[in-house]
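Remarks on the structure that follows.
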Amino acid sequence: MDSDFRRITLPARTDQLGACFAFLNEGSKLAQFGIEDAARLDLLLEELFMNVARHAYPPGQEGSVEVGWAVPRPGELYVQISDWGSRFNPLDRSPHDFSKSLAERPLGGMGIFLIKTIADSLEYQWKEGRNLLSFRYLGAKGSDGAS
Amino acid sequence: MLEIQASDVGKAVVLRVGGRMDAETSVEFETTCVGWIDRGAKHLVVDLAGLQYVSSMGLSKFLAVAKALQPKSGSLSLCHLEGVPRQVFEMTRLIQLFPVFDSVEAAVASL
């Protein structure tokens, strides 16, 4: 897969989200995903990218984030996102309680839940001083996804 | 890119939202809604026919606006919630917390 692995390094800032989407869109197209699968992929990437942009580095310190993808075969996209900030596994967060009423429901906590629900596999590693989170996406059954 | 068009129809303010509601753009949605609430609007009807994408940050804005309306006995109704946006509302069970209608007319008539 390494020979087909494409990557981009961006400043870990929230205003880089658009650049991140544009880069992932190339992978979505190569994997022959339709509009709905591309939207689900954007959702996965946004949650992970924003997590790095907001929390990986101390306030005032500008760090980097590397986003990479590969298309092992049509209908499958492998995505990897890594940073050199403090060690943190976002998948360790406790599950969100979705049974609460409107008044009691917290505003946050939905992002990681969506990642775990939508991604087909998820893996976190702390490797050579960096957080490395990767997932595979195989397209949603019954959608306009992989052909 | 997020597009919002608002119109006051008397019983409610109708907001037609189109485009993508992500971490960057969803702030505009919340700001627009809060602006109407501050001017006395109690019922907001959001037409999502043109919405292609909503992330968890976008979802949290819907939640925040609904929470702001609750003590005022107001409401945030959703119309034309379809496709991936509907899926994420269902996955997170937010759909249970909002009145959802097939049309703006039905939402306004319910008030």
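Data table
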{"read-out": "10 Å beta-carbon shell around A:Met50, net charge (K/R +1, D/E -1)", "value": "-3"}
{"read-out": "Summed side-chain charge close to B:Leu44 - residues other than B:Leu44 whose Cβ falls under 14 Å, Lys, Arg +1, Asp, Glu -1", "value": "+3"}
{"read-out": "Which listed pairs, of A:Lys116/B:Lys67; A:Lys116/B:Lys61; A:Lys127/B:Lys61; A:Lys29/A:Lys116; A:Lys100/B:Lys72; A:Lys100/B:Lys42, have C-alpha distances above 30 Å, in listed order", "value": "A:Lys127/B:Lys61"}
{"read-out": "Three-way shape call for chain B based on the alpha-carbon gyration tensor, with the a/c threshold at 1.5", "value": "rounded"}
{"read-out": "Karplus-derived HN-Hα couplings along the range A:123-138 (A = 6.51, B = -1.76, C = 1.60, θ = phi - 60°), whole Hz, x at Gly and Pro", "value": "9, 10, 9, 9, 9, 6, x, 9, 7, 10, 10, 9, 8, 10, 10, 10"}
{"read-out": "Residue with peak Gaussian network fluctuation, chain A [Cα springs, cutoff 10 Å], from A:Tyr78, A:Tyr137, A:Tyr57", "value": "A:Tyr57"}
{"read-out": "Rounded if a/c under 1.5, otherwise prolate or oblate - the range A:38-147, Cα gyration tensor axes", "value": "oblate"}
{"read-out": "Contour excess over end-to-end distance, with Cα ends at A:Arg13 and A:Asn25 and 0.36 nm allotted per residue", "value": "2.4 nm"}
{"read-out": "Size of charge dipole - the protein assembly as shown - debye, nearest 20, with Cβ of Lys, Arg +1 and Asp, Glu -1, no other charges", "value": "580"}
{"read-out": "Gain in span if fully extended, A:Arg136 to A:Arg73, counting 0.36 nm per residue against the direct Cα distance", "value": "21.5 nm"}
{"read-out": "Cβ-defined net charge surrounding B:His80, 11 Å radius [Lys, Arg +1; Asp, Glu -1]", "value": "-1"}
{"read-out": "Of the trypsin sites (Lys or Arg not before Pro) in the range B:1-106, those whose Cβ has at most 16 other Cβ within 10 Å and which sit in DSSP loop", "value": "B:Lys11, B:Arg39, B:Lys42, B:Arg93"}
{"read-out": "5 angstrom amide H check on A:Ser64, placed H, neighbours 5+ away", "value": "A:Ala12, A:Trp84"}
{"read-out": "For the range B:1-92, share of DSSP beta bridges that run antiparallel, in % to the nearest 5", "value": "35"}
{"read-out": "C-alpha long axis of helix B:26-38 to longest principal axis of chain B, angle in °", "value": "10"}
{"read-out": "Derived scalar couplings ³J(HN,Hα) [the range A:54-65; Karplus, 6.51 cos²θ - 1.76 cosθ + 1.60; whole Hz; x for Gly, Pro]", "value": "9, 10, 6, 10, x, x, x, 9, 8, x, 10, 9"}
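Since every read-out is calculated from the coordinates, none of them should be taken as a lab result. The structure presented is a predicted model; accordingly, all values stated were derived computationally and were not measured. Cβ atoms come from the backbone with ideal geometry, glycine included; neighbour counts cover every protein chain shown.
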